[in-house]
Amino acid sequence: MENGHSLATLEAIREAQARIAGVAVRTPLIKFPLQSAAGEVYLKDEGQQPIGSFKLRGAYNKISQLSASERARGVITYSSGNHAQGVAYAARAVGSKAVIVMPENAPIVKRQATEALGAEIVLVGPASLERKQKAEELAAQSGYVMIEPYDDIAIITGQATCGLEIVEELPDVDLVLAPVSGGGLLSGVSAAIKHVRPEARVLGIEPELAADAQESFRSGRLVSWPADMTTRTIADGLRTQSLGELNFEHVRAFVDDILTVTDDEIRQAMAVLDEAGITAEPSGAVTTAAMLFHEAELLPYRKAAVVMSGRNR
């Protein structure tokens, strides 16, 4: 079992890649719907994962390393949707019970998909802190193993396999955009890219209505936004109130900057992707929004990869 608070190593990321092979899909890099005059742009379509998002990578990497006795106890997590499905899918794959604490305002499609994978759902209020506290309380009561959504090295190295695939398929990539909320995906992708291609730039993208990660990154200290602010954005998967502590360490070590997009830009990006036959949830479309509306802030680049993190809407 991976542990400790050290940063994700290339060796650990490659071990995770071998571990999740055959469960998580190696998703394609496809030509971006609208091409840029600056260079080539590719879209990493994580919507093609069995659960419709990248979250299966980290969840399976973590859960597959549990001991037989831990699997027998069952697992628990807290999530607005995609991590919930990742944990439910991974737990089912290893024969373990899954309990998921979800906010009552979680999209019904995500709740139903999680239940369809056999998980037990517990509903709480909209604050991310509230569902974390409830999950910790249930874990203490019933002995469930906590599967953190992002603040865990096994989750980070699992998500990092997405970045490793990008640099394996596009070795001369020089710009990578990834969504950021709690920071699991951005932590992992940036670590993988920088280990293999340190000269490439990696940028996190988040809604301006939930820009706690940008504030943390630029101020150099971990900040938290209140739930009544972060829940304003349509990007339901990016409403986490703060980066995780370990994620913040990775972001400071490997990320070049964090940019924000408006909800209107996210809606327009979703429409562009829809026209190209690519379904994106709002959280998955933030990187496309950055490429469409903020290209001046992204220059220069010759080969860019844009992570479309999920399609569940």
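Among the residues making up segment 54-71, a single one is buried (at least 24 other Cβ atoms within 10 Å of the Cβ) and assigned to a loop (DSSP other than H, G, I, E, B): Phe54.
Given the criteria modelled with pLDDT of 95 or more, closer than 22 Å to Thr260 by Cα, touching a Ser or Thr at 6+ places or on another chain (Cβ under 6 Å) and part of a loop (DSSP other than H, G, I, E, B), does Val223 qualify? Here the answer is yes, as Val223 does meet what is asked. The residue that is farthest from Ala289 (Cα to Cα), counting only those in segment 8-29 that are part of a strand (DSSP E or B) and touching a residue at least 60 places away in the same chain (Cβ under 8 Å), is Ala24.
Collect the residues in segment 217-254 that are of a type in the set (S, T, N, Q) and closer than 23 Å to Arg201 by Cβ, keeping them in residue-number order. Ser219, Asn247 - these are the residues of segment 217-254 that are of a type in the set (S, T, N, Q) and closer than 23 Å to Arg201 by Cβ. Take the residues in segment 72-86 that are under 16 Å from Ala116 (Cβ atoms) and free of Cβ contacts under 8 Å to residues at least 40 places away in the same chain; name whichever of them is surrounded by the most Cβ atoms within 10 Å (Cβ to Cβ). Ranking the qualifying residues of segment 72-86, first place goes to Gly86. When segment 116-148 is filtered for residues that are over 16 Å from Ala98 (Cβ atoms) and touching a helix residue (DSSP H, G or I) at 6+ places or on another chain (Cβ under 9 Å), the ones remaining, listed by number, are Val124, Gly125, Pro126, Ala127, Ser128, Leu129, Glu130. When you check Asn312 against the structure, is it in contact with a Gly (Cβ under 6 Å, 6 or more places away or on another chain) and in a helix (DSSP H, G or I), yes or no? So Asn312 fails the test. Looking only at segment 196-248, which residues are among the charged types (D, E, K, R) and either in contact with a Pro (Cβ under 6 Å, 6 or more places away or on another chain) or closer than 25 Å to Ala160 by Cβ (or both)? Arg197, Glu199, Arg201, Glu206, Asp212, Glu215, Arg218, Arg221, Asp236, Arg239, Glu245, listed by residue number. When segment 86-113 is filtered for residues that are assigned to a helix (DSSP H, G or I), at pLDDT below 95 and not charged (D, E, K, R), the ones remaining, listed by number, are Ile108, Val109, Gln112, Ala113. Scanning segment 37-53 for residues that are in a loop (DSSP other than H, G, I, E, B) and either under 20 Å from Gln112 (Cβ atoms) or not assigned by TED's automatic domain parsing to the domain that holds Leu238 (or both) yields Gln49, Pro50, Ile51, Gly52.
The values are calculated or read from the model by the stated rules, or taken from the named source; none is laboratory data. From a predicted model like this one, the values you see are computed outputs, not experimental measurements. Heads up, the Cβs are rebuilt from the backbone with ideal geometry, glycines too, and the neighbour counts pull from every protein chain shown.
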